[in-house]
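First comes the structure, then the notes that go with it.
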Amino acid sequence: MARKLLRINMSDLKATYEDIPKKWAKWGGRGMTSAIVFDEVDPACHPLGPHNKVVIAPGWVTGTPAAPSSGRSSFGGKSPLTGTIKESNAGGLSGQKIAKLGLAAIILEGTPAKDQWHYLVITKDGVEFKDASDLMGKGMYEIDEILWKDHPKTAVIGIGQAGEMKLSNAGISINDPENKPGRYAGRGGLGAVIGARGIKAIVIDDSGGPGVEIANKGLFEKGRKNLTEAIQEHALTKKDGGLNAYGTDVLMNIINEAGGLPTRNFSAGQFEGAAKISGEAIAEVVEKRDGEGMTGHGCHPGCIIQCSNIYPDESGKALVSCLEYETAFSLGSNCGIDDLDTIARMTRECNDLGLDTIEAGNSIAIAMEGGLLEFGDAEGALKLFDEIRNKTPLGRILGQGVEATAKAFGVHRVPTVKGQSMPAYEPRAIKGIGVTYATSPMGADHTSGYTIAPEIAGVSGKLDPLTDEGKADLSLAFQASTAFIDSSGYCLFVAFPILDIQTGFEGMVDSVAGVMGMDLTGDDAIALGKEILKMERLFNERAGFTKEDDRLPEFMRYEKLPPHDVVWSMADEELDKVYAWVHED
Amino acid sequence: MQVEVTVFATLRKYLPDLPVGGSKYIEVDPGATPADLMQILGLPAEEVKIAIRNHVQTELDEIVEDGDRVAFAPAIAGG
């Protein structure tokens, strides 16, 4: 059975199944969300108004049997945080279940009558629109629990109170295999766009669904086998390797050592408390407390990397999943906080309220710089989440993200690009990632072109992080290949083994070609990635963005970052080269 | 001369007495390289992916100096 589109209109509460138009037929994941948003959303529209949409798309191979670590779903729309096109993707249960219902995308559009809230139940038989009154005002831990009572073992996509308030930092929650709200399409505020459709939650029940059609089973099988072997062989992604044993926070100590760990609102590149909030420290806590905590946790069925964790409280009970590097940076080093238990509690607050942890922590750091509380005040920072839960004016300011908070508190050191705050790599100390932050269609985003691989990790070659030379080309290459991987449904972390092991790269491409019946080589992967980037850049241009928006904040040009005492020195002309091809090709 | 050394992630098993974030000082002869330090510490070459000397990535055959800090890490990345 060919894949279908499911269009859900919240103005008249109608759901229609459509054949996929030829122009979108080749896409999955990010390619699909960006193509639909590019074609159907007016770039000039208000992100919370009636003309924006949210598109949800599983990747090309998502839902297929035994494609390793491939449970991602992409969420796309126009971002209230950045005003750009946005794709944010996550693991959890949703991708595989949407794909197994035979759906290539779900389009959420229209706006309901005022104060009308629904939750949707999507099954093989169609869509039910249910009154969400009983769910309103509740956080995601409770929502997931309530919905599993009537709909056990389903995927639950939802928004917390932040999405109800339509805050620009509202993320989209997806439940994990334990039905906890730990997986987030966090960045860019798409939770607010779902809230603006009057949707509190979406239940996906794939029972009896048709499954994913595989056009060329032999090619798929060959590809997935080669990719699996590469993942299992690479030192980073194999069982008991760096990611499996310590999670993404394995990066904390090494980025700190390299002087690139953003600290106290991006005023230093090293944090004296880094070791206390590192992946190694998390692993020690899990072992010592000897309870429900674990490392090597999978965020979706079929993941063989398993970089997630369950962090235990002092009594050994599960407190939160997942405590990641980005979270330990934003709520930790960037706020001057070195207490892992408090960082874990704040992460739980983010997961419950429906906030992106990066933007949430960075907003608190700005408020600290603005004098609301001292850097390092862990208890004070934790209490700020009550302000959001209680919908106070302060809570609403913090929930709007870094730029709004900086204006409210008169702070000029504002680490954002296109309205989105920077993740856990200091661009003055790691120049290539700065090019990605500056030029990505998504705003400051590390995942959209992870040059850290060669600049720090020695994956795919070795480059000096402190030099500008060659970084524009490097960033574009990573941005293009990432757009392809984001479309595949594979977790971005397959990038590390496939960059180092050629048969793994071929395997990834073959598995996609096998599912889709496409004739694909490695070169095609880059070309398809660039096609996606082009749509995204053109959308942004039509939304009013120019090359002047492809810049890092001014303070990074004149404030020297210790310990290397370096400033951002990249020439603007170099940045302008990254996307010059959009109007040349 | 003395050099400060530390190890991260899966390499910690070779220096089990070092606490997380801890380092130690070792005596080496002038002209020593990170590769020599690895041998002294018992770090298998195939498990070391990155060496960082005074916060900058270094080659394993570069000569270290008195008072340097050298950190070793396995393959790491993430997000």
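Taking a Cβ cut-off of under 11 Å around A:Asn253, the surrounding Lys, Arg, Asp and Glu residues balance to a net charge of -1, with basic ones at +1 and acidic ones at -1.
Amide H contacts of A:Lys391: none lie under 5 Å away among residues 5 or more positions distant or on a separate chain (H built 1.01 Å from N in the peptide plane; Pro and chain starts excluded). Work out which helices of chain A, taken as complete DSSP H runs, extend at least 27 Å along their axis over the Cα atoms and score a mean Kyte-Doolittle of -1.0 or more, then list them. Span-like helices, by this rule, are A:522-542. Only helical runs count toward this figure. For the protein assembly as shown, summing -39,500 (n - 2.57) over DSSP H runs of n ≥ 4 and dividing by all residues gives -10000 deg cm²/dmol at 222 nm.
Take each residue in A:254-260, count the other chain C-beta atoms within 10 Å of its C-beta, and the mean is 6.
Over all other residues within a Cβ to Cβ distance under 9 Å of A:Glu40, the charged ones net out to -2, with Lys and Arg as +1 and Asp and Glu as -1.
Check each of the GluC sites (Glu not before Pro) in the stretch A:389-494 and keep only those in coil by DSSP with at most 15 other C-beta atoms within 10 angstrom; list them in order. Hits after loop and neighbour filter: A:Glu469. Classify the stretch A:500-585: rounded, prolate or oblate, from the alpha-carbon gyration tensor (a ≥ b ≥ c, eigenvalue square roots; a/c under 1.5 rounded; otherwise prolate if a/b is larger than b/c)? Taking the square roots of the gyration eigenvalues as a ≥ b ≥ c, the stretch A:500-585 is oblate. Candidate cross-link partners of B:Lys49 among the lysines, defined by an alpha-carbon separation under 16 Å and a same-chain spacing of 8 or more, comprise A:Lys238, A:Lys462, B:Lys13.
Taking a point 7 Å out from the Cα of A:Ala318 in the direction of its Cβ, the residues of the stretch A:163-194 whose backbone N falls within less than 16 Å of it are A:174-184.
Please arrange A:Glu18, A:Glu178 by accessible surface area, largest first, computed with a 1.4 Å probe and ligands excluded.
A:Glu178, A:Glu18
Sorting the Cα pairs of the protein assembly as shown by distance into bins of 20 Å, from 0 upward, gives 20, 57, 21, 1 percent per bin. The portion of the accessible surface of the stretch A:195-281 made up by carbon and sulfur, rounded to a whole percent, is 45 (1.4 Å probe; DNA, RNA and ligands excluded). A P(r) calculated from all alpha carbon pairs of the stretch A:248-414, with 10 Å bins opening at zero, reads 11, 40, 34, 13, 1 percent. Rg/Rh for the stretch A:4-204 stands at 0.92; both radii use Cα atoms, and Rh follows the Kirkwood definition. A convex hull fitted to the Cα coordinates of chain B yields 90 cubic angstrom per residue. Spin-label pair A:Glu554-A:Glu584: with each label point 7 Å from Cα along the Cα-Cβ axis, the two points sit 3.1 nm from one another. Only one residue of A:Gly399, A:Met368, A:Ala258 has its Cα farthest out toward the positive end of the dipole of the stretch A:248-414, where Lys and Arg carry +1 and Asp and Glu -1 on Cβ, and that residue is A:Gly399.
For the stretch A:307-373, with all protein chains in place and a probe radius of 1.4 Å, 41% of the accessible heavy-atom surface sits on carbon or sulfur.
Principal axis extents of the Cα atoms in the stretch A:221-319, from largest to smallest and rounded to whole angstrom, are 49, 35, 19. Shielding value for A:272-279 is 3, the average number of Cβ atoms from other chains within 10 Å of each residue's Cβ. Partner aspartates and glutamates whose Cα lies under 19 Å from the Cα of A:Lys124, excluding those fewer than 8 positions away in the same chain, are identified as A:Glu18, A:Asp19, A:Asp150, A:Asp205, A:Asp206, A:Glu213. Of the GluC sites (Glu not before Pro) found in the stretch A:250-349, the ones in coil according to DSSP and having at most 11 other Cβ atoms within 10 Å of their Cβ are A:Glu314.
In a simple Cβ point-charge model (Lys, Arg +1; Asp, Glu -1; nothing else charged), the protein assembly as shown has a dipole of about 2340 debye relative to its Cα centre.
Of chain A, which part is the longest with no trypsin sites (Lys or Arg not before Pro) in a loop (DSSP not H, G, I, E, B) and with at most 13 other C-beta atoms within 10 angstrom? For trypsin sites (Lys or Arg not before Pro) (loop position, at most 13 other Cβ atoms within 10 Å), the longest site-free span of chain A is A:318-559. Model label sites at A:His412 and A:Asp523, defined 7 Å from Cα along the beta-carbon direction, differ in position by 5.1 nm.
The values are calculated or read from the model by the stated rules, or taken from the named source; none is laboratory data. Quantities reported herein were computed from a predicted structural model and do not represent experimental measurements. Cβ: placed from backbone, ideal geometry, glycine included. Neighbour counts: every protein chain shown. For the accessible areas, the whole protein counts, side chains as well, though only heavy atoms, and no ligand, DNA or RNA atoms are used. Shrake-Rupley method; radii C 1.70, N 1.55, O 1.52, S 1.80 Å.
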